[in-house]
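Read through the structure below, which is laid out as structure tokens, and then see the notes.
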Amino acid sequence: MSSTISSATSPTPTATAATTSSSSSSSAAAAASSLITSQGIGSGLNIGAIVSALTTAFGAGQQSLITTQQNLLNTQLSAYGTFKSALETLQAALVPLQTPGSLASYTATVADKTVATATTSATAVPAQYTLQVQNLATPAILTSNPFASATTAVGTGALTIGVGSQSMTLNIDSTDNTVAGIAAAINSASGNPGVSASVLTTSAGSRLVISGTASGAANAITVTQSGGDGGLSSLVYDPASGTTNLTQTQAAADANFMLNGFGATSASNTVTGAISGVTLNLLGQTATGVSTTLTVAPDPTAAQTSIGTFVTALNGVLSSIQTLTGYDPTTNSAGPLNGNATLQSFQNQLENILGQLQGSSGGIQSLSNMGVTANAQGTYDTNSTQLGNALNSNLAGIESYLSGTNGLASKINNLVNSFAQTGGLLDTIDQGLQTGLTNLSKQQAALNAQLATYSATLTAQYNAMDTAVAALKQTQTYLTAEFNQGNVQNNQTNSSLSSGTTSVG
């Protein structure tokens, strides 16, 4: 007799475990592989943020020191640049004060402005003159007889145009033998001696007009021709040979005028040599026997402007020093160069120069003598009325005080040069600050490299940790699956025994 025990069909536990183990191992390998490029997959941590925070904290002290030093040096560079700019402005304002005679300025006024105008230079002398103009200087103008139109052929050949001792020869052929063509040839010719040409068209026809570009009797125009078909003979103007086929509508003439009753001439209406330091611009004739007045008088306006510009620039330097080196107790803030010895040295030397008495005895010996006085703010105020009076009454004294080798302007300029010129003290300081910034840039580069290495090391360590965590989790998953599978099998066996399904053969 045989007995058979039958039970419900179920998977073989060994086979199931093997399958689960194989699958878990494959997943663990895949997870470990993925951790090479994916941070935080195993641990769930934000590794990038953690590494970044730790790296920043690691370099914070050194980075703070570098940044603070860079900010300090850049602030000082900017401050010195502000000071140097103020010095350059002052130096530019000193230029018109340094040369003797540069402050002297005059006006020239013509009573009848239809007759002439006038300008002056520093060599002018106060005076009054009578002026009469008999005639203005004029250029020569030659005009041809009328032709039917501007495109009418005149002739071919060589056309020679002379102005004074200069001349040019044009070869006129069938391409430019018309009135307009000849005008264009004259205007475009190289070596033009001083003429221009145009076409004047009226009811009578078209005329060729040849005008001199310079006035004066020496600039008379002549025109001769040779060769060709002979048609150019209609344009000949040669008084020496008696041939004047062109009409001289205006002769080349010098200006004739009288100053204080004495006659003078000029090839130009701009007269520069008649009165010292005065340029006359003749505009029209005076009536016979009538004269106008030319008055040359001192003009303090330019000098007052130059001195005002100097005071403004001087105040700019003094204010710059106060701002850069001072301390404001109201705001508890100090200037970027607070207590700086370089700027204080400049200010001391400048104040010493400004405090010196110089110039002629009994004349202008200080800025206050001309209305420029120090104020409570450490800068200077200008009394324009007092300055104007001083310029009108004692221009020579002001020039003696300001100008020349030992003048105030030259002394200040020498002081500014010692600080601001190329290779000067400010340049040396600037180079030192730039060197400091260069060294800090090298320190920054070294710190960046150190932090990059530190970050890479942390990243590798955290990735390794994350890989280990991922593997542990995979093992946990496998064991949990195995444990659950054993429980299922035991439960099924117990169920079969309790049901009484055992049979004996």
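The values are calculated or read from the model by the stated rules, or taken from the named source; none is laboratory data. What you see is a predicted model; the values in this text were computed from it and never measured. Please note: Cβ atoms are built from the backbone with ideal geometry, for glycine as well, and neighbour counts cover all protein chains shown.
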Q. Which of the residues belonging to region 359-384 are closer than 18 Å to residue 105 by Cα and either free of Cβ contacts under 8 Å to residues at least 40 places away in the same chain or touching a Leu at 6+ places or on another chain (Cβ under 6 Å) (or both)?
A. 370
Q. If you check 284, 277, which single one turns out to be modelled with pLDDT under 95, assigned by TED's automatic domain parsing to the domain that holds residue 125 and of a type in the set (Gly, Ala, Ser)?
A. 277
Q | Filter result for residue 272 (more than 21 Å from residue 126 (Cα to Cα) and surrounded by fewer than 20 Cβ atoms within 10 Å (Cβ to Cβ)) | A | no
Q) Do we find that residue 136 is in contact (Cβ under 8 Å) with a residue 60 or more places away in the chain, farther than 30 Å from residue 211 by Cβ and surrounded by 14 or more Cβ atoms within 10 Å (Cβ to Cβ) in this structure? A) no
Q: From 372, 416, grab the single residue that is surrounded by 14 or more Cβ atoms within 10 Å (Cβ to Cβ), among the hydrophobic types (A, V, I, L, M, F, W, C) and in contact with a strand residue (DSSP E or B) (Cβ under 6 Å, 6 or more places away or on another chain).
A: 372
Q: Can you confirm whether region 469-481 contains a residue that is over 26 Å from residue 75 (Cβ atoms), at pLDDT 90 or above and of a type outside the set (D, E, K, R)?
A: no
Q) So, in region 311-334, of the ones that are of a type in the set (A, V, I, L, M, F, W, C) and in contact with a strand residue (DSSP E or B) (Cβ under 9 Å, 6 or more places away or on another chain), which residue ends up nearest to residue 412 (Cα to Cα)? A) 314
Q: Report whether or not residue 343 is assigned by TED's automatic domain parsing to the domain that holds residue 394, under 32 Å from the mean Cα position of the chain (by Cα) and in contact (Cβ under 8 Å) with a residue 12 or more places away in the chain.
A: yes
Q: Say whether the condition of being in contact (Cβ under 8 Å) with a residue 24 or more places away in the chain, more than 30 Å from residue 307 (Cβ to Cβ) and either over 55 Å from the mean Cα position of the chain (by Cα) or part of a helix (DSSP H, G or I) (or both) is met by at least one residue in region 407-423.
A: no
Q: Could you look through region 288-302, keep only residues that are of a type in the set (Gly, Ala, Ser) and over 44 Å from the mean Cα position of the chain (by Cα), and pick out the one that is modelled with the highest pLDDT?
A: 291
Q | Test for residue 325: is it at pLDDT below 95, more than 21 Å from residue 392 (Cβ to Cβ) and surrounded by 15 or more Cβ atoms within 10 Å (Cβ to Cβ) | A | yes
**Q.** Search result, residues across region 89-114 that are within 16 Å of residue 274 (Cα to Cα) and crowded, with 16+ Cβ neighbours inside 10 Å
**A.** 108, 110
Q.
Based on this model, can you work out whether residue 283 counts as crowded, with 16+ Cβ neighbours inside 10 Å and under 16 Å from residue 136 (Cβ atoms)?
A. no
Q) Does region 113-123 hold any residues that are within 14 Å of residue 259 (Cβ to Cβ) and either part of a loop (DSSP other than H, G, I, E, B) or of a type outside the set (A, V, I, L, M) (or both), and which are they? A) 115
Q.
Given the criteria under 25 Å from residue 287 (Cβ atoms) and of a type in the set (Val, Ile, Thr), does residue 151 qualify?
A. no
(Q) Against the definition (within 15 Å of residue 345 (Cβ to Cβ), part of a helix (DSSP H, G or I), touching a helix residue (DSSP H, G or I) at 6+ places or on another chain (Cβ under 8 Å) and not β-branched (Val, Ile, Thr)), how does residue 433 come out, yes or no? (A) no
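Residue 447: out of contact with any strand residue (DSSP E or B) (no Cβ under 6 Å at 6 or more places or on another chain), over 30 Å from residue 342 (Cβ atoms), in the same structural domain as residue 71 (by TED's automatic domain parsing) and part of a helix (DSSP H, G or I), yes or no?
When the stated conditions are applied, residue 447 passes them.
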Q: Find the residue count for region 201-225, including only residues that are crowded, with 16+ Cβ neighbours inside 10 Å and over 19 Å from residue 252 (Cβ atoms).
A: 4
(Q) Given the condition in contact (Cβ under 8 Å) with a residue 24 or more places away in the chain, out of contact with any strand residue (DSSP E or B) (no Cβ under 8 Å at 6 or more places or on another chain) and either crowded, with 19+ Cβ neighbours inside 10 Å or not aliphatic (A, V, I, L, M) (or both), answer yes or no: does some residue in region 157-165 qualify? (A) yes
Q) Considering 455, 403, 498, 418, which residue is at pLDDT below 85 and not aromatic (Phe, Trp, Tyr)? A) 498
